[in-house]
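Please treat every number below as a calculation from the coordinates, not as lab data. A quick note: this is a predicted structure, and the numbers were derived from the prediction, not measured. A quick note on method: Cβ atoms are made from the backbone with ideal geometry, for glycine too, and the neighbour counts reach across all protein chains shown.
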Amino acid sequence: MREVCKTVYNYSELSEKAQEKARDWYRGGAFDYEWWDYTVEEFVTIGNMLGITFDGEGTRNLRVHFSGFWSQGDGASFAGSWEYKANALCEVKREFPHNRELHDIAEALHQIAVRYEQSEGCDEDYPLSALIYISPSRYCNENTMRCTSDSEDLDEDLLEQFRSLAQWLYSRLENQWEDMNSDEVVAESIECNEYEFNEDGTIA
């Protein structure tokens, strides 16, 4: 039997090169969980405000998908149904007063619905509605989305807004991922967890 003494270091005591290795180690396993849950839940809430009911809503089979953030074809998409809500713009502005992108989407959906009422002679008891679906593809982005509505002439206009909403989600997720992986946030997490390392930055 022999006793071996070993010197260990906390993150701040490492050299810059060793700190970089320590951060790489942390990134390798720190995000093995559904870190996107809150962002997607918020997105579903926003979609509901706009009149969207997502396929699988309230189950683990929610049809809101994304992939990222480093390959061609990455993006976000969703499937469900939509029905015009007259108060959607006011609701979105109240809950997200500074988010101009969401305001624009809500306003555009309102204008499309107004055009439908004017052209079809419909009243508010028969609001414009649409089905949103995802075409088979190996990619997971807004360009895989399609829609069919009560007015074929408006399908492309509606689809443009649904795709814009999917792009908004993807941008939020991408920003969240980049923030979580930033050197500053990773270093702070390492120090908060009081990990110890060998001199070269490998975990002790």
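Annotations for the structure displayed:
- Segment 70-100, residues that are in a loop (DSSP other than H, G, I, E, B) and within 23 Å of ARG146 (Cα to Cα): SER71, GLN72, GLY73, ASP74, ALA79, TYR84, LYS85
- Residue check, THR39 closer than 19 Å to TYR170 by Cβ, hydroxyl-bearing (Ser, Thr, Tyr), touching a Lys or Arg at 6+ places or on another chain (Cβ under 6 Å) and surrounded by fewer than 17 Cβ atoms within 10 Å (Cβ to Cβ): yes
- Filtered residues of segment 74-99 (kept if in contact with a Cys (Cβ under 9 Å, 6 or more places away or on another chain) and under 17 Å from ARG172 (Cα atoms)): ASP74, GLY75, ALA76, SER77
- Within segment 14-41, being free of Cβ contacts under 8 Å to residues at least 40 places away in the same chain and over 16 Å from GLY201 (Cα atoms) holds for ASP32, TYR33, GLU34, ASP37, TYR38, GLU41.
- Condition met for TYR133 (surrounded by 13 or more Cβ atoms within 10 Å (Cβ to Cβ), more than 15 Å from ARG163 (Cα to Cα) and not β-branched (Val, Ile, Thr)): no
- Taking segment 1-34 as the range and being part of a loop (DSSP other than H, G, I, E, B) and either surrounded by 10 or more Cβ atoms within 10 Å (Cβ to Cβ) or hydrophobic (A, V, I, L, M, F, W, C) (or both) as the test, the residues that pass are MET1, VAL4, CYS5, VAL8, ASN10, LEU14, SER15, ALA30, PHE31.
- Note on segment 135-194: residues that are touching a residue at least 60 places away in the same chain (Cβ under 8 Å), assigned to a helix (DSSP H, G or I) and within 30 Å of GLU20 (Cα to Cα) total 14.
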